[in-house]
Amino acid sequence: MRYAYGLTSALLLGGATISLITGQPAGAQVAQNDDAQISNVVPRAGAPASFADLTEQLAPAVVNISTRQRVEVQSSNPFAGTPFEGMFGDRGGGGGEPTTREGQSLGSGFLVSSDGYVVTNNHVVTPQGRGTVEEITVTMPDGQEYEAELVGKDTESDLAVLKIDRSEPFPFVKFGDSAAARAGDWVVAIGNPFGLGGTVTSGIISSVLRTAGGGAYDRYIQTDAAINRGNSGGPLFDMQGNVIGINNAIISPSGGSVGVGFAIPADTAAPIVERLRRGESIERGYLGVSIQPVTDDFAAALGLPRNRGEVVQSVVDGEAAARAGIEAGDVVIAVNGREVTSDQTLSFLVANVKPGETIPVTLIRDGSRRTVNVTVGTRPSAEELAQAQMFGGDDEDEDAMSAELDGGEFLAEKLGIGVVPISPQIARQLGVAPDTTGLAIAGVDRNSDAARKGLQRRDIILSANYRPVSSTQQLEGIVREAVAEGRSAVVLRIQRARGQAGYFAVRIQE
């Protein structure tokens, strides 16, 4: 799944909400002299003849968001980080001191208050790779620009709140009730695709509870309204002018819209946005288990309904599940009285429980149903979970391993693998000495030569072309050197976790 990132000058980066008020037809609220003026847009029954009146009322609250970033590049190649990287080889050898370059990103957002609070996606205002965001600019539809302050952000839900200021009030919109949305309802998306400025697209809701790969917030509104790069953070409106979703990602083989777009439901986003506005941290419930869905074969073996429950693969010592007596092999079928399904995953249900609360968890063990009381723990940060998932699978989001590995994007293209440097914590999880140096493989492209040669997650790369490697930059440099010298493969010395080391010649991908 692709984020609906915006256009950039040197890189591609980062896709909404409103409610019924005072019993009147709900449209965008335009703050004028401290009084909110409510639109009189009355939707027609059935297919609308035009979206023009609705768009006119709502568009003033939808903004463009741009960032100026300072990106760190570990290379002396003057073309590093640009489309020309690799065309002339790595003239500097790839081993120089880190350098920085400037990048820009574009995305969308919307105002939720007359005093200038703006909602967008976290990935719109977060640097890609290693670097910092030096400036965030919010541009109004009339062209006025404002320097924005980042008030708060939340990686898990991919939400962020900004603040801009001026003497007169801003036009704004509010979150609506996404739970009332139905498949087939008309929707309108307004945003900044491909940096073109305010653009309106329309379509229908394709699904109201679409899961897309795991995670605590893996529940989206799916729509066929065109969503493209740069729409991230923008609103998805219903026909009453309510923002029922925040445009977030697309599935596309080409990078452009093919009618499969995803928006974060307003019911998920609204409470998180409110807490971020107040400067509060976002705490979520956590069990401390790795899980997988109940497959057809598993369901048949246990006599369970299909698409019900999730299987516990492992339990983290000392965490909530372990303290409550949950064991590997248990099938969790309900949390706090709510069934675990493909639309209502274990991760989602637990994440929305307040840490410290004791809840019943219903499970099946050895063919018997039982209920245990679990005092829910506090979910670790996304960064901590990503690292744990790579090597221990010790989180509810086993299937949602982070793709943002240090250097992983480059290596996935050239060798078909993603790697991270070995730390003492990772060494402990792999079962090797804490002073082990090298790179741990966190993922292998199944279509790569590395996969055909048998490389797998949790393998350790000790050397490349007989030179020790302990950082992704070293491995990248060796691969670039091989390409520059016309070689088509790299020899990797691989140690299996708790096993012997051996050599593998892995072809470099075009």
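Taken together, the values in this text are just the output of simple stated rules run on the coordinates, not laboratory data. All values reported here derive from a predicted model rather than from experimental measurement. Using ideal geometry, Cβ is built from the backbone for each residue, glycine included, and neighbour counts are taken over all protein chains shown.
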Inset, instruction - Quick one: what are the phi-derived ³J(HN,Hα) couplings along the stretch 226-231, Karplus 6.51/-1.76/1.60 with θ = phi - 60°, whole Hz, x for glycine and proline? - result: 4, 10, 10, 4, x, 6
Legend entry - Rule-of-thumb Rg ratio for the stretch 285-378 [Cα; 2.2 N^0.38 Å; N residues]: 0.98
Legend entry - Total formal charge among the other residues, if their Cβ is under 15 angstrom from that of Ala181, Lys/Arg +1 and Asp/Glu -1: -3
Inset, instruction - With θ set to phi - 60°, apply the Karplus curve 6.51 cos²θ - 1.76 cosθ + 1.60 along the stretch 358-369 and write out the HN-Hα couplings as whole Hz, x wherever there is a Gly or Pro. - result: 9, 10, x, 10, 9, 9, 10, 9, 6, x, 10, 7
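Only loop residues by DSSP count here, and only those with at most 12 other Cβ atoms within 10 Å; note down the trypsin sites (Lys or Arg not before Pro) in the stretch 154-243 that meet that.
Details: sites: Lys163, Arg166, Lys174, Arg182, Arg210, Arg219, Arg229; in loops: Arg166, Lys174, Arg182, Arg219, Arg229.
Sites meeting the loop and neighbour criteria: Arg166, Arg182.
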Inset, instruction - Would you mind giving the average projected area, over all directions, of the Cα convex hull of the stretch 408-507 in nm² with one decimal? - result: 5.6
Legend entry - Other-chain or far-sequence residues with amide H under 5 Å of Ser157's (modelled H): none
Legend entry - Long-range amide H partners of Gly256 with built H, under 5 Å: none
Inset, instruction - Return the long-range amide H neighbours of Val151 (sequence gap of 5 or more, or a different chain), with a cut-off of under 5 Å between placed amide H atoms. - result: Val161, Leu162, Lys163
Inset, instruction - Kindly provide the chymotrypsin sites (Phe, Trp or Tyr not before Pro) of the stretch 434-504 that DSSP labels as loop, not H, G, I, E or B, and whose Cβ sees at most 11 other Cβ atoms within 10 Å. - result: Tyr466
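What FRET efficiency comes out for the pair Val151/Ala179, r = Cβ-Cβ distance, R0 = 30 Å, nearest 0.05? Walk me through the numbers on the way to the answer.
Values: r = 26 Å, r/R0 = 0.88.
Efficiency at R0 = 30 Å is approximately 0.70.
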Legend entry - Using distinct alpha-carbon pairs, which all enter the 1/r mean, Kirkwood radius of the stretch 178-277 in Å: 13.3
Inset, instruction - Enumerate the calculated ³J(HN,Hα) couplings along the stretch 164-181 in order (Karplus 6.51 cos²θ - 1.76 cosθ + 1.60, θ = phi - 60°), each rounded to whole Hz, writing x wherever the residue is Gly or Pro. - result: 10, 9, 7, 6, 8, x, 8, x, 8, 10, 10, 5, x, 9, 5, 5, 8, 5
Inset, instruction - Could you work out the relative contact order of the stretch 105-235, using alpha carbon pairs under 8 angstrom and six or more residues apart, expressed as a whole percent? - result: 29
Inset, instruction - Sort 152-158, 360-366, 436-442 for me by packing, meaning the mean count of neighbouring Cβ atoms within 10 Å per residue, highest on top. - result: 436-442, 152-158, 360-366
Legend entry - Neighbourhood charge, 12 Å Cβ-Cβ cut-off, centred on Val119 and excluding it, Lys, Arg +1 and Asp, Glu -1: +1
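Which value, in debye to the nearest 20, gives the size of the charge dipole of the stretch 408-507 about its Cα centre, when Lys and Arg are +1 and Asp and Glu are -1 at the Cβ?
Numbers: 14 positive and 9 negative charges, 78 e Å.
Charge dipole of the stretch 408-507: 380 debye, to the nearest 20.
If r is the Cβ-Cβ distance from Ser423 to Ala49 and R0 is 60 Å, what FRET efficiency results, to the nearest 0.05?
After rounding to 0.05, the efficiency reads 0.50.
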Legend entry - Label-to-label distance, nm, for residues given as Lys354 and Ser488 (7 Å Cα→Cβ offset): 6.4
Inset, instruction - Could you order peptides 237-250, 270-283 by the average number of other Cβ atoms within 10 Å of their residues, highest first? - result: 237-250, 270-283
Legend entry - Whichever lysines have a C-alpha closer than 23 Å to that of Lys163, once near sequence neighbours (fewer than 8 apart) are set aside: Lys153, Lys174
